[in-house]
C-alpha cells in the first residue's frame, strides 16, 4: 500500500527504506488507519473536519516537518475554515502547548477545553489527534533520514570492528536492578495514574467500549488511562494496533533497546509515568539499571557504550527537533552496528512515544500508589 509516509518521504531511489518498511507492514497499515480514522470526514462528534485538519497542520508545523504541514494544509484548503471563537481559541492554545511543550499542557490547560464547551469525548479525540500528529511528524522525519542515509555498506564499506566489552560490574552507588531507582524526580518503581477527566464506568459502558478495553490490556477495566481513552473506543483500538505493531514487532531492534529509546523520550518530554514504566521494563530485560540512572541524571550524555550512546543521541534529536533530523543523526547508529530494520525500529519507538507521552501528560498525572 502507498501511505502518507511513502508520499512525503523521498522513497524514490531508496529501496533499502522501502524494504524495511515492508518488513514492518503492520506498523505501516496501523499508522495509516489511525490517520484515516482521526481525519475521516464523517467521524462522529463535535470536532469538525476543518478543526481536526487545522490541529494536525499546526502540530506538524510546530514540529518543523514542513512536508507534513503542507499535506494537511492542502486538505484544509478544501474545507471551510474553523470559526474563530472562544472555543477555537481554547483548542489552539492547548494544541500549541502540547505540540512543543507537552509537560506544560497541565490540568488547567486541559480543563479549559470542557469549560469552553467541548464534550469529554471531543477532548479525548483532540488529545489523541495531537499525539498522533506529533508521532507522524517524527515518523516522516525519521523515514526521510533513512532514505537520505542510503543503503548499508554501500561500496563495500563495513563498520569498524568493536572491541570486546569488559564483564559488567554493577555500580556500587546504585540500587540493585529491581529495587527503586529515584533520581531528579524520576523513578523505576511502579506508579499509578489518575485521569483529570471523567472516565468511562465499566458498569455502564457500551459493548464496543468493553470489547476495546478487554482487547487493550488485562487490567484496562481498572485503569484510568484506558477508561478515559475509551470515550473514543475506535481511536483507542487503532492506537493499540499501532503500539503493538511497533513495540512488539519480531526481530529488529532488541526489545530492551526499544525500552531504552522510549525511556529517553519520556525523560526529555518530562513524562514521569512513562519513564517509570519503560525504565522498569529495560531493567527486567537487561538486568541492569546503570544507563537508566544516567538517563534520569542527564539524558543527553547517557549510554554505557557506543551503541547505547548512539541510540540515546538519535532518540534525543528526533524528540526535540524532528524538523532538523537527518541522515547525520542515523549515521552513528549504523556505525555502531545497527542494520536498517533496527534503524527503523528506533525511529518507530521514538515517534510512538511522542504520542504516548502526550496522552499521559495531558489527560492526567502520575501518582504514587497508596500502600
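Whether any residue in the stretch 261-273 is in contact with a helix residue (DSSP H, G or I) (Cβ under 8 Å, 6 or more places away or on another chain) and farther than 30 Å from residue 322 by Cβ is what I want to check.
Checking the stretch 261-273: not a single residue is in contact with a helix residue (DSSP H, G or I) (Cβ under 8 Å, 6 or more places away or on another chain) and farther than 30 Å from residue 322 by Cβ.
Kindly indicate which of 202, 198 is surrounded by fewer than 15 Cβ atoms within 10 Å (Cβ to Cβ) and not assigned by TED's automatic domain parsing to the domain that holds residue 122.
Matching residue, one of 202, 198: 198.
Do you know which residues across the stretch 176-194 are surrounded by fewer than 16 Cβ atoms within 10 Å (Cβ to Cβ) and over 17 Å from residue 267 (Cβ atoms)?
Answer for the stretch 176-194, where residues must be surrounded by fewer than 16 Cβ atoms within 10 Å (Cβ to Cβ) and over 17 Å from residue 267 (Cβ atoms): 176, 178, 179, 190, 192, 194.
Identify the single condition in (1) modelled with pLDDT of 95 or more; (2) closer than 28 Å to residue 151 by Cα that residue 300 does not satisfy, given that it satisfies every other one.
Condition (1) is where residue 300 drops out.
Out of the stretch 19-41, which residues are free of Cβ contacts under 8 Å to residues at least 12 places away in the same chain and either buried (at least 17 other Cβ atoms within 10 Å of the Cβ) or not in a helix (DSSP H, G or I) (or both)?
40, 41, listed by residue number.
Somewhere in the stretch 231-245, is a residue without any contact (Cβ under 8 Å) to a residue 60 or more places away in the chain, outside any helix (DSSP H, G or I) and not assigned by TED's automatic domain parsing to the domain that holds residue 136?
Looking through the stretch 231-245, none of the residues is without any contact (Cβ under 8 Å) to a residue 60 or more places away in the chain, outside any helix (DSSP H, G or I) and not assigned by TED's automatic domain parsing to the domain that holds residue 136.
State whether one or more residues within the stretch 207-228 are surrounded by 12 or more Cβ atoms within 10 Å (Cβ to Cβ), modelled with pLDDT of 95 or more and outside any helix (DSSP H, G or I).
Scanning the stretch 207-228 turns up at least one residue that is surrounded by 12 or more Cβ atoms within 10 Å (Cβ to Cβ), modelled with pLDDT of 95 or more and outside any helix (DSSP H, G or I).
Tell me, which helices (runs of 4 or more DSSP H) wholly within the stretch 42-123 include 1 or more residues that are modelled with pLDDT under 95, surrounded by fewer than 22 Cβ atoms within 10 Å (Cβ to Cβ) and under 25 Å from the mean Cα position of the chain (by Cα)?
Because the criterion is at least 1 residues that are modelled with pLDDT under 95, surrounded by fewer than 22 Cβ atoms within 10 Å (Cβ to Cβ) and under 25 Å from the mean Cα position of the chain (by Cα), the helices (runs of 4 or more DSSP H) in the stretch 42-123 that meet it are 86-100, 107-115.
The values are calculated or read from the model by the stated rules, or taken from the named source; none is laboratory data. Owing to the predicted nature of the structure, the values given are computational and were not obtained by experimental measurement. Don't worry about glycine lacking a Cβ; one is built from the backbone with ideal geometry, like all the others, and counts go over all protein chains shown.
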